[in-house]
Each structure stands twice: as structure tokens, then as C-alpha cells.
Amino acid sequence: MKLIKHAAIGSVLGLVASAFSMSAFAQSNVQVGGMVDVYAGSIKRSGDAASTSVVNSSGMQTSWWGFKGTEELGGGLQAQFALTGFFRPDVGGMGRNNTDTMFARDANVGLSGSFGRVSLGRDLAPNFVPTLTFNPFGSSFAFSPLGLHTQTSSSRYRGQAWSATVSGDTAWSNEIMYVTPQLGGFTTSLFLQLGEQAGKSGKNNYGVNTMYAKGPLSFGGYFQSVKVSNPVDSVTTGDSRVFTFTPYNQVTGATYTLAASKNDTWFVGGAYDLQFMKLFGTLNYSTTKLIGAVDDSKYDLKSNTVQLGVSVPVGKGSVLASWARTNVKAEGDFTAVLGSSDVRSSIVRNTASLGYDYFLSKRTDVYTVASYDKLTDQASGISFGVGIRQRF
């Protein structure tokens, strides 16, 4: 009995030692990082009553911080996690706005290997990487014409805030995301965001994007379908997550709001690097299913956005220029709800930005940008900013 007992103890100790030995060979890595971006300037979008002097965060890129980690599991398999959040260094606040969660940028865990990568949690939305890749101002939502038109609620018409024409955030919660390995220069990602509503399994958002890069040429595109109340978002403060449009009578001032129950967006974009300059171009097209059954049968709401841009290396920085034009149109007879004449059921927005981004080091750059903004029936607006960005 003693021999058996001693053998059992020895076996357990051997297993423990083996486990520690295996963990010693496993390589893990955790990184703390982020980026701080603050600018000072004046903001006046088309339709604003007056300009506003500001010291704001996130001029060229949304400020963020957080943790990312990997662990080598052997056989080419790797575990990964990301916990990153946005913040506003101008006021010391967390999030892009007061409604953001602590880790609104990333909160996911997953595996990667020869099969690609799969993650669970909060991760990228289909629109994010293609949008930032194919315009010279990248992920700027303060000065990028493409970002201003498709992702923010900036500008006003007839007392109504401009609504982002691409519904959904730039990251999705409750998401399953799969990224293929690179094949011939192509990388494709699949996205599924679960609504987590009992009896409403159809409230799922989904999408796909594909990116190509080889030599001086890069191009890509995405499709995404976003439904209202996934995630539940009855208050559209901060980032607009549900597309809306408000036709109006130019004489009486009467308005009629059209709200979406589903927004589908198609996007294609590309860039070509000529060394002495880099050219950019994108095209968005969105169609909308309206919340009210009567509205959906009577009106057809859609939008399209074209964007052209260029970046030119100058000294230790680059001159950046971009222009975007968005046309939002509601087709149908608005006589019964807005009167018989002077109904405005479509609006056009044009925005152009010119800037210079100068790198003091690999981690620190300073920039200056000026923007012109013009919306149908509204006075134009001019904005400018001078800022600094540091990565850590």
C-alpha cells in the first residue's frame, strides 16, 4: 500500500513538474500602449450659427489606451486578447462621449494560426479598416471629409443634425469575427454581431470586408447590414448608430422625419502610391428600410458618397488633401405630410480638407488642418485646427 501511495504521489508531482516545464516554454507577451491626440482651433460646420473656439481631443486620430497580449500555444497556434478604450485628454474623460463603455475600442479574446484569426467580444466593424485605409486623413473624424459624412453627426440643416450615413459604430459588441490568412495579397474578414434579444434572433448585424495590398496598389471594399436596436440604442447621442433623414418644406418649415429600421451599405475604395504622391478614392452607397411600414412602402431613402484624396511627401511630413460629396435622397410623394410645394426631399453635402502632418519623431507628430463644409440651403462653414499626436 505504501509503495502504491508513494507512486501516486510521485506521479502527481511529475505531472505538476511537467506542467511547469511546459509553461516555461510557452511565450507570453503583454503590451501597454495607446495614443494621445489634442488640437486647438475653431469649428464651424455648415448650418452652425457661429464658430466655436475649441481645445479638443482626437483631431487626426481618436485618443486611446489599453492592453494587448499574446501567448504562444505551440504548433503555430496563438492566443490573443485586447482590452483598449477611448478617452478625451482635453477634459480627462473616458470614452469618445459620455455614453461610451470603458473598453469601447476593443474587448475581445481569440485564437490565431494557419487558419487565420477568430475573436469573440467587442472588435472591429466591417466599415472601419476600409474607411481609414483609403482616405488621406485616415481615422480622423474631426477633419476627414469621408469620416465627417459617413460616421459623425456634424453639420445641421433646418434645425436637424446631420446623421451619419453609415449606421452602426466603428466597432461592434457581442461579435464573432473571423479573419482569413493572407492569400495572394487578399485578406477577408467576416463579422456577425448578435442582438441577444429573446425571440428576435433576426436582430443580428452582419458584414464582410476584403483588402488587397501588393506593391504600390491597394484596394478593398465592405458590405454591412445594420438593424435598429442592435445593440439597443434608443438615444443617438455621440456616434450616430441609426441613419435618419428629415425632408422639409422650404416655405412653411414643416418637417417629416424618416428613421431607419435597417441600413445596408456597400463600399469600394483604392489607393495608388506613385512615390512622389499617393492617390485615394472611395465610393459609398447605402439603402434604407424605414421603421414605419407605411413609410417604407411610400418612400425610398438612400445615400451615396464619393471621396477623392491625395497625400504628398514634403520634408519630414506630408501634405494631405481630401474632398467628399454626399447626396441623401428620399423618393416619394410628401404632399400629405409636408404640403404641396417647395418640399426639399434631398440634400447634398460637400466637404474639403487641406492639411500638413509633420513628424518630429517616429512616435510624435504635429499637424494643421483647414476644412470647408457646405450643405444644401445652409451657409458654409470653415474649421481649422493645430494639434499634436503622440504614441506610447
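The values are calculated or read from the model by the stated rules, or taken from the named source; none is laboratory data. Worth saying up front: this structure is predicted, and the values here are computed from it rather than measured. Cβ atoms come from the backbone with ideal geometry, glycine included; neighbour counts cover every protein chain shown.
Of the residues that make up the range 288-295, is at least one over 21 Å from Tyr157 (Cα atoms), in contact with a Lys or Arg (Cβ under 6 Å, 6 or more places away or on another chain) and surrounded by 15 or more Cβ atoms within 10 Å (Cβ to Cβ)? Yes. Just to be sure before I move on: is Gly147 under 28 Å from Tyr367 (Cβ atoms), buried (at least 24 other Cβ atoms within 10 Å of the Cβ) and under 13 Å from the mean Cα position of the chain (by Cα) in the structure I sent? So Gly147 passes the test.
Of the residues Met60, Met102, Met94, the single one that is loosely packed, with under 15 Cβ neighbours inside 10 Å and hydrophobic (A, V, I, L, M, F, W, C) is Met102.
Take the conditions (1) buried (at least 22 other Cβ atoms within 10 Å of the Cβ); (2) out of contact with any helix residue (DSSP H, G or I) (no Cβ under 9 Å at 6 or more places or on another chain); (3) under 28 Å from Gly269 (Cα atoms); Arg117 misses just one of them, which is (1). Just for the range 61-97: of the residues that are touching a Ser or Thr at 6+ places or on another chain (Cβ under 8 Å) and of a type in the set (S, T, N, Q), which one is modelled with the lowest pLDDT? Looking at residues that are touching a Ser or Thr at 6+ places or on another chain (Cβ under 8 Å) and of a type in the set (S, T, N, Q), I get Asn97. The residues of the range 114-161 that are at positive phi and either hydrophobic (A, V, I, L, M, F, W, C) or in contact with a strand residue (DSSP E or B) (Cβ under 8 Å, 6 or more places away or on another chain) (or both), listed by number, are Gly116, Gly121, Ser155, Arg158, Gly159. Note on the range 260-299: residues that are in a strand (DSSP E or B), of a type in the set (Asp, Glu) and more than 16 Å from the chain's Cα centre (by Cα) amount to 1. When the residues of the range 340-390 are narrowed to those that are surrounded by 15 or more Cβ atoms within 10 Å (Cβ to Cβ), among the basic types (Lys, Arg) and more than 22 Å from Val312 (Cβ to Cβ), which ends up nearest to the chain's Cα centre (by Cα)? Filtering first and then ranking leaves Arg349. Answer with yes or no whether Ser311 is modelled with pLDDT under 95, surrounded by 16 or more Cβ atoms within 10 Å (Cβ to Cβ) and not β-branched (Val, Ile, Thr). The answer is no for Ser311.
Just one of (1) out of contact with any Leu (no Cβ under 9 Å at 6 or more places or on another chain); (2) surrounded by 17 or more Cβ atoms within 10 Å (Cβ to Cβ); (3) farther than 25 Å from Leu354 by Cβ fails for Gly317. It is (3).
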